[in-house]
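Here the structure comes first, spelled out in C-alpha cells, and everything after it is commentary.
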Amino acid sequence: TPSSCLRPPSPPPTRALTPRTRELPPLPQLAELPELHQMMRQTCRDYAQKELAPIAAQLDKDHKFPAKQVKELGAMGVMAVEVPESLGGAGMDYLAYCLAVEELSRGCASTGVIVSVNNSLYLGPILKFGTEEQKKQWITPFTTGERVGCFALSEPGNGSDAGAASTLAQQEGDEWVLSGTKAWITNCWDASATVVFATTDKSLKHKGISAFLVPMPHPGLSLGKKEDKLGIRASSTANIILEDCRIPLGNMLGERGMGFKIAMQTLDSGRLGIAAQALGIAQAALDCSADYAHKRTAFGAPIGKLQAIQFKLADMALAIESARLLTWRAAMLRDAKKPFTKEAAMAKLAASEAATFVSHQAIQVLGGMGYVTDMPAERHYRDARITEIYEGTSEIQRLVIANNILKEYQQ
Amino acid sequence: MHRSSEVKHVASYLNTRGCECFGQPCESHCPVLTDRTIHVQLKTFIKIRVKPDRTGVVTDGVKHSMNPFCEIAVEEAIKLKEKKLVKEVVAVSCGPQQVQETIRTALAMGADRGIHVEVSGKDYETLGPLQVSKIFAALAKKEQADLIILGKQAIDDDCNQTGQITAALLDWPQGTFASEMTLEADKLKVVREVDGGLETIKINLPAVVTADLRLNTPRYATLPNIMKAKKKKIANVKPADLGVDVCSRLEVLKVDEPPQRQAGVKVETVDDLVGKLKEAGRV
C-alpha cells in the first residue's frame with residue numbers, strides 16, 4: 001500500500017534559454033484573467049513549449065510514458081492542482097487547473113491527459129468522498145508526480161451505459177473481493193492505484209454500484225495488453241482484469257451504493273479537464289496553420305493572403321475561442337460551488353468538436369505537409385479524435401445538455 | 001562557514017524595460033510581445049517600429065517581461081538562499097506600474113520581497129544606466145545589502161553598464177560576466193567569461209555581480225510559489241525619496257531604422273573587385 005509520509009519535494013525543473021523560449025504569441029485573454037492565473041498559465045506554457053513540445057513527436061512514435069516530465073510537473077504542483085497544500089497539492093482552483101491542462105496539451109496531448117486523469121479522475125473523487133485517512137493514504141503520495149492514479153469505470157460490455165456495471169464486489173469477512181474486467185483505462189500501465197467501480201448488488205442496478213480504492217500492483221489485479229491507439233500514444237490504455245482481487249473493507253470510497261453518483265460527479269469535473277485538453281490540441285493545430293500561412297507561398301504570395309485560407313483560420317479561431325469561454329465559465333461555476341453540469345457538458349462538447357474541426361482544417365491548410373510526420377498537424381488530428389469519445393461521448397453530452405434544458409423548462 | 005549571520009540581503013535588480021525583437025510583420029491586433037532572448041534569429045511576432053518623431057521605438061501596447069539575464073540573476077540569488085548562505089532576497093525594478101508583474105514573477109521564483117521604484121512617463125523614456133545605478137546605489141545603502149546581483153546587460157539597449165556604474169558609485173568590488181560564483185569564507189569567488197577565456201577573481205563583500213548566460217538555468221515558477229508570491233510585499237518608492245535625480249544627461253538626437261540592404265554586385269576578377277572598391281571610396 002502506498003506510504004502516507006510526505007516526501008520532501010524534488011527540486012523544481014529548470015529551463016535553458018534558447019531561441020525557442022516563449023516563441024508563441026501570448027493569447028490576448030491573458031489581460032482578463034486574474035494575475036495569479038496569468039502567472040500560472042505562463043509558467044505552464046513555458047514548460048510545455050520548452051520541455052514537452054520538442055519531445056511530443058518522439059513520445060508519440062515510441063508510445064513512451066513521459067515519466068521524467070510527469071515528475072517535473074509534480075514538482076511544479078501541476079499533478080495535484082486542486083488538492084489543498086496540507087495534503088501536498090498546489091491548493092489552486094479549477095479554473096487554474098483547466099488553464100494548466102490546456103497549456104500542457106498545447107505542447108503534448110498525451111501529457112495533458114495524464115495530468116488530467118490524475119487530477120480529475122483519480123484525486124478528484126478521493127478528495128470529495130474520501131475519509132481523512134483515505135486522503136492521507138491515497139492522495140498525498142500522488143501529488144508529487146512520483147505516482148499517478150487511474151479511474152476504472154468502463155467495461156468491455158458498457159461504456160456510455162455506466163449503470164450496467166458487471167464487475168462484482170462481494171464481501172467476504174473483512175475483505176471485499178472484486179472480480180470482472182474494466183476496459184479503456186488511461187494511465188493503467190503507469191499507475192500505482194486505481195478507483196474501481198463494482199456492483200455490490202446487481203438487482204439494485206445503478207444504485208448497487210460502489211467505488212473502491214485498489215493499489216497497483218496488487219494480487220488479483222492484472223493488466224491487459226496496451227492498446228495500440230490512433231492518438232495520445234504516450235499515455236497507456238489497457239484493460240484491468242480483476243480475479244479474486246482482495247482489498248480491506250476500509251478501501252471502499254464513500255458509502256455503499258454511492259458508486260454511480262461518485263462516478264457521475266467525477267465525470268462532470270473530468271470533462272472540463274478533457275475540454276481543456278481538446279482546447280490545447282486545437283490551439284496547437286491553429287498555431288501550426290497560422291505559422292504555415294505566413295510562410296508558404298503560392299500564386300506569388302503567402303497563402304495567408306488568400307481568402308480561402310483566411311476564412312478557415314477565422315472559423316478555427318472562433319471555434320476555439322467559443323469553446324474556451326464555455327470551459328472557463330463552467331470552471332468558474334464549479335469554483336463558485338454552483339451547478340455546472342450543463343455548462344461542463346457544453347464545454348466538453350464544444351471543445352472536442354472544435355479540436356477535431358480545427359485539426360482537420362489544419363491538415364487542409366498545410367496541404368501535403370499536413371499529411372506527413374515532419375509537421376505536427378497529423379499528430380494533432382490523431383490526438384484530437386479521442387476527445388469526442390472518452391469521458392462522455394459527444395452523444396452523451398448532448399443528452400446531458402438536453403435533459404438539463406428540459407428540466408429548466410419543466411411545467 | 002555560514003554566511004547567514006553576516007549576509008543579510010541579496011538584492012536582485014531586475015531590468016524590465018521594453019523588450020524588442022526582430023521578426024516578421026504581424027497582422028494581429030494585439031501586438032503582445034514575448035520575451036526576447038539573446039539570440040537574434042528567433043521567431044517573434046512584432047516588427048520594431050521607429051516612432052514617427054524618430055526619438056525612439058514604439059513601446060505602446062508592447063508587453064514587457066523580465067530580461068533573461070536578470071532571470072539568471074534572480075535564480076542565483078534564490079540558490080544562495082536555498083543553500084542558507086544568505087538570509088533574504090529582495091527583487092527590485094525601476095519603471096512604471098507594469099513592472100510590478102515582473103517583480104511578482106521574481107517573487108514566484110522565490111524572492112522574499114520586492115521594491116518597485118516608480119519611474120514613469122517622460123522620466124521613464126529617458127531612464128538610462130546612470131540614473132538606474134544611482135537608484136540602486138541609494139537602495140543598497142538604505143537596505144544595507146551585502147550583495148547585488150544583476151543581469152550583465154538588458155537585451156533592449158544592450159548597455160552593459162548598470163552593474164559597473166553601481167559598483168563604482170558604492171565603491172564596491174565587482175565581478176561582471178559571471179559564469180560561476182561561490183561564497184568562500186568572507187570572499188566571493190567569481191569566474192568571469194572574458195574574451196580570452198575564463199578569469200577567476202576573489203572579491204570582498206559587499207560586492208556587485210553581473211550574471212552571464214551560463215551562470216545557471218532559471219527555474220520554472222511552481223504553482224505553490226505562485227500562490228505564495230501573492231502574499232509577499234512589494235514596497236513602492238520614488239527616486240526622489242532616495243535623493244536621486246533621474247534627469248538624463250544624454251539627449252537622443254535621432255533614432256533610425258537600419259538602412260535597407262542594398263543588392264550586391266558580382267565581379268569577375270580580383271582587379272575588378274579592387275576597381276569597384278576604389279570607385280566606392282572604400283580603398
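For the options A:Ala276, A:Ala301, A:Ala377, a Gaussian network treatment of chain A with springs between C-alpha atoms closer than 10 Å singles out A:Ala301 as fluctuating the most. Going by neighbour counts of Cβ atoms within 10 Å, the residues A:His206, A:His380, B:His64 line up, fewest first, as A:His206, B:His64, A:His380.
Rounded to the nearest angstrom and listed largest first, the equivalent-ellipsoid semi-axes of the stretch A:171-276 from its Cα gyration tensor are 24, 18, 12. Site pair B:Ala263 and B:Lys141 shows an inter-label distance of 6.2 nm when each label is modelled 7 Å from Cα along Cα→Cβ. Under 37 °C and 0.692 mPa s, how fast does the stretch A:33-147 diffuse according to Stokes-Einstein, given a Kirkwood radius computed over C-alpha pairs? Answer in µm²/s, whole number. Estimated via Stokes-Einstein, D reaches 233 µm²/s.
Working from label points 7 Å from Cα in the Cα-to-Cβ sense, the B:Val274 to B:Arg54 distance is 3.9 nm. The stretch between B:Lys83 and B:Ser248 holds 55.4 nm of extra length on full extension. This uses 0.36 nm per residue minus the Cα-Cα distance. Its Cα gyration tensor gives the stretch A:254-405 an equivalent ellipsoid; the semi-axes, largest first and in whole Å, are 35, 15, 11.
The share of Cα pairs per 10 Å bin across the stretch A:296-377, counted from zero up to the longest distance, runs 18, 34, 25, 15, 6, 1 percent. All distinct Cα pairs of the stretch B:122-275 go into the 1/r average, and the inverse of that average, the Kirkwood radius, is 19.2 Å. Total lysine pairs in the stretch A:150-259 at Cα distances under 18 Å, for residues eight or more apart or on different chains: 5. Restricting the calculation to alpha carbons of the protein assembly as shown gives Rg and Dmax of 28.8, 104 angstrom.
For the stretch B:56-103, trypsin sites (Lys or Arg not before Pro) are listed when DSSP marks them as loop and at most 14 other Cβ atoms sit within 10 Å of their Cβ; the list is B:Lys83, B:Lys84.
Of all lysines in the structure, the ones whose alpha carbon falls short of 23 Å from that of B:Lys276, not counting any fewer than 8 places away in one chain, are B:Lys266. Only helices enter the 222 nm calculation for the protein assembly as shown: every DSSP H run of n ≥ 4 contributes -39,500 (n - 2.57), and dividing by all residues gives -12000 deg cm²/dmol, rounded to 500. Cα convex hull, the stretch A:257-337: 85 Å³ per residue, rounded to a whole number. Cut-off 11 Å, label point 7 angstrom out along Cα-to-Cβ of A:Asp315: give me the residues of the stretch A:338-358 whose amide nitrogen falls inside. So the set is A:357-358. Taking a spot 7 Å from the Cα of A:Val372 along the direction of its beta carbon, which residues of the stretch A:299-316 have an amide N less than 20 Å from it? Hits in the stretch A:299-316 for A:Val372 at 20 Å: A:299, A:303.
When every Cα-Cα distance of chain A is counted in 10 angstrom steps from zero, the calculated P(r) takes the values 5, 23, 33, 25, 11, 3, 1, 0 percent.
Summarising the strand pairing of the protein assembly as shown, around 60 percent of its internal DSSP beta bridges are antiparallel. Greater than 24 Å separation of Cα atoms is the criterion. Which listed pairs, A:Lys338/A:Lys407; A:Lys135/A:Lys337; B:Lys81/B:Lys233; A:Lys64/A:Lys261, meet it? Long pairs (Cα-Cα over 24 Å): A:Lys64/A:Lys261.
Remark: mean inter-chain Cβ contacts per residue of A:32-41 equal 4, using a 10 Å Cβ-Cβ cutoff to other protein chain atoms.
Using C-alpha pairs under 8 Å with a sequence gap of at least 6, the mean separation divided by the residue count of chain A gives a relative contact order of 15 percent. Counting only residues at least eight positions apart within a chain, or on another chain, the lysines with an alpha carbon under 28 Å from that of A:Lys295 are A:Lys50, A:Lys61, A:Lys305, A:Lys312, B:Lys43, B:Lys47, B:Lys51, B:Lys63.
Taken together, the values in this text are just the output of simple stated rules run on the coordinates, not laboratory data. Every value quoted in this text rests on a predicted model; they were computed, and no experiment measured them. All Cβ positions, glycine included, derive from the backbone under ideal geometry; neighbour counts span all protein chains shown.
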